[in-house]
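Inspection log for the structure reproduced underneath, given as structure tokens.
The values are calculated or read from the model by the stated rules, or taken from the named source; none is laboratory data. Keep in mind it's a predicted model, so treat the numbers as computed, not measured. As a convention, Cβ positions derive from the backbone with ideal geometry for all residues, glycine included, and neighbour counts pool all protein chains shown.
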Amino acid sequence: MKRDRAVFEIIQKEKQRQKQGIELIASENFVSNQVMEAMGSVMTNKYAEGLPGKRYYGGCEFVDQTEVLAIERLKKLFGASWANVQPHSGAQANAAVMLALLRPGDKIMGFDLSHGGHLTHGSPVNFSGKLYRPGFYGVEEETGRIDYDKLEQKALNEKPKLLICGASAYSRDWDYERLRSIADKINAFLLADISHPSGLIATGLLNDPLPHCHIITSTTHKTLRGPRGGIIMMGKDFENPFGLKTQKGNTRMMSSLLDSAVFPGTQGGPLEHVIASKAVAFGEALTEEYKDYTKNVIANARAMADAFVDRGYKVISGGTDNHSMLIDLRSKNITGKDAENALIQADITVNKNMVPFDDKSPFVTSGMRIGTPAITTRGLQKNHMESIVELIDTVILNATDESKIAEVRHQVNEMMETFPLFADGAPEKEKNQA
Ligand SMILES: *Cc1c(COP(=O)(O)O)cnc(C)c1O
């Protein structure tokens, strides 16, 4: 077959874009060559509905082995007693949990989307807000932080059946112990969606949700630095809420309800090439190098937040505990949309984001979200953060000055030239790989 130049030339351009820019989107990262190699492997050819050892198809002996490796490594990484590695994405993982725990019309409560929450925690445009009745808690305008007393009052009033913690743009750690005590008062399930900080939790740098939350979901492609995908875990298994019985008359455990909610509940065949790649990524996350990486992610985020504050920017909540921060641009008289557009001209990628109590629409916004997972993978250190903030500041203060922005772009490209996409020094055979 003839090589499909049309597609591969575009992929080559995307690779060049990634190489020459400063990637500050908090949910992105750069995977290693071996994580990518497993994703682009023959495992993609295999149908394997069911679980390892219990499949609906023949010929699954090898995909069984990689899926078992993925499950065992993931359990070890988080100290989980049970895990399912099949969800195609973070959204699919949440859909499966809700299908397992709830009936349509049940009440749920999550972190307000306009304060940095996620669509799948009850947004009206998402299945979670259409099938279930959502309520929300948020941050205080003064502090930019969650007030757990107020959260408790809200939960006691609204009595959701499922309480969800976790966010896409919240720079502070979570008090899972307190959240569990709140959930217990109203007999609610507590779900921690750790999609963003999961890698930092795995290495023990943030509070551990596993001892406190009934169920934990995550993506695998953010700080965890694996292929795009989702996972579900439990610290320990428990009996299900509805007293559903198996054919033998036993009560079904939560693990079995969750497995069924993934397949056949919300998905067909699992992506075994992605699962093999997840196994590789979890193996990487168990190493000392990865632990050092996560420490650097946090050190870089703190240095960056400090540098923004020094230049007169308002960082929501005044700083960060994790890999990300949310910046209110109103004091600089620019919208999130205009800042994002100006920065992209300089090959700096951020995303516009609502800030808490934003007066602008989600398409315009007053803020930008910034994260350090991707640039830390490329090997940038604390001392580079000051320079990056200076470059960003120059663009924001000269957002309509094309020649100034071109100057910054030149500096950005020069700076990034020396950093490989994946900083472990993997050989640059990449060049012809795409
Ligand atoms: C990114 C994210 C998700 C969704 O992940 P996808 O893989 O994009 O579906 C879910 N929850 C939170 C909190 C997230 O940040």
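Annotations for the structure displayed:
- Candidates Asn29, Asn94 - the one that is of a type outside the set (Lys, Arg), within 15 Å of the ligand (Cβ to nearest atom) and part of a helix (DSSP H, G or I): Asn94
- Test: residue in segment 6-25 that is over 21 Å from Pro420 (Cβ atoms) and touching a residue at least 24 places away in the same chain (Cβ under 8 Å): no
- For segment 105-129, filtered to residues that are small (Gly, Ala, Ser) and surrounded by fewer than 23 Cβ atoms within 10 Å (Cβ to Cβ), the residue that is nearest to the ligand (Cβ to nearest atom) is Ser123.
- Cβ-Cβ under 9 Å pairs, at least 6 apart or on other chains, segment 108-132 side touching a residue at least 12 places away in the same chain (Cβ under 8 Å) and closer than 25 Å to Met325 by Cβ, far side within 14 Å of the ligand (Cβ to nearest atom) and of a type in the set (Lys, Arg): Gly116/Arg369
- Checked against (1) crowded, with 17+ Cβ neighbours inside 10 Å; (2) β-branched (Val, Ile, Thr); (3) out of contact with any strand residue (DSSP E or B) (no Cβ under 9 Å at 6 or more places or on another chain), Thr287 meets all criteria but (1).
- The set of residues from segment 224-238 being touching a helix residue (DSSP H, G or I) at 6+ places or on another chain (Cβ under 7 Å) and either within 14 Å of the ligand (Cβ to nearest atom) or modelled with pLDDT of 95 or more (or both) comprises Leu224, Arg225, Gly226, Pro227, Gly229, Gly230, Ile231, Ile232, Met233, Met234.
- Test: residue in segment 55-62 that is more than 30 Å from Arg369 (Cβ to Cβ), touching a residue at least 24 places away in the same chain (Cβ under 8 Å) and hydrophobic (A, V, I, L, M, F, W, C): no
- Among the residues of segment 164-175, some residue qualifies, meaning at least one is of a type in the set (S, T, N, Q), within 10 Å of the ligand (Cβ to nearest atom) and either over 13 Å from the mean Cα position of the chain (by Cα) or assigned to a loop (DSSP other than H, G, I, E, B) (or both).
- Among the residues of segment 69-87, those identified as touching a residue at least 12 places away in the same chain (Cβ under 8 Å) and over 15 Å from Pro211 (Cα atoms) are Leu69, Ala70, Ile71, Arg73, Leu74, Asn84, Val85, Gln86, Pro87.
- One residue stands out in segment 187-199 among those that are within 30 Å of Asn300 (Cβ to Cβ) and part of a strand (DSSP E or B): the one that is nearest to the ligand (Cβ to nearest atom), namely Asp193.
- You will find that of Gly135, Gly144, Gly129, the residue that is more than 30 Å from Ala281 (Cβ to Cβ), under 23 Å from the mean Cα position of the chain (by Cα) and part of a loop (DSSP other than H, G, I, E, B) is Gly144 and no other.
- One residue stands out among those in segment 75-91 that are within 16 Å of the ligand (Cβ to nearest atom) and in a helix (DSSP H, G or I): the one that is nearest to the chain's Cα centre (by Cα), which is Gly90.
- From the list Ala83, Ala91, Ala6, Ala26, the one residue that fits, being over 30 Å from Lys352 (Cβ atoms) and buried (at least 18 other Cβ atoms within 10 Å of the Cβ), is Ala83.
- Take the conditions (1) within 20 Å of Gly116 (Cβ to Cβ); (2) within 16 Å of the ligand (Cβ to nearest atom); Glu140 misses just one of them, which is (2).
- Test: residue in segment 36-51 that is within 16 Å of the ligand (Cβ to nearest atom), in contact (Cβ under 8 Å) with a residue 40 or more places away in the chain, surrounded by 14 or more Cβ atoms within 10 Å (Cβ to Cβ) and not in a strand (DSSP E or B): yes
- Residues located in segment 187-221, provided they are touching a strand residue (DSSP E or B) at 6+ places or on another chain (Cβ under 6 Å), aliphatic (A, V, I, L, M) and under 21 Å from Ala26 (Cα atoms): Ala192, Ile194, Ile216
- Single residue of segment 176-186 satisfying the filter (in a helix (DSSP H, G or I) and touching a strand residue (DSSP E or B) at 6+ places or on another chain (Cβ under 9 Å)) that is surrounded by the fewest Cβ atoms within 10 Å (Cβ to Cβ): Asp184
- Taking the criterion of being within 13 Å of the ligand (Cβ to nearest atom) and either part of a loop (DSSP other than H, G, I, E, B) or small (Gly, Ala, Ser) (or both), the residues of segment 200-223 that qualify are Pro209, Ser218, Thr220, His221, Lys222, Thr223.
- For Asp147, the criteria (1) touching an Asp or Glu at 6+ places or on another chain (Cβ under 7 Å); (2) within 16 Å of the ligand (Cβ to nearest atom) hold in every case but one, which is (2).
- Qualifying residue in segment 422-434 (condition: buried (at least 20 other Cβ atoms within 10 Å of the Cβ), at pLDDT below 95, within 26 Å of the chain's Cα centre (by Cα) and not in a helix (DSSP H, G or I)): yes
- Odd one out for Asp338 among (1) surrounded by fewer than 18 Cβ atoms within 10 Å (Cβ to Cβ); (2) part of a loop (DSSP other than H, G, I, E, B); (3) in contact (Cβ under 8 Å) with a residue 60 or more places away in the chain: (2)
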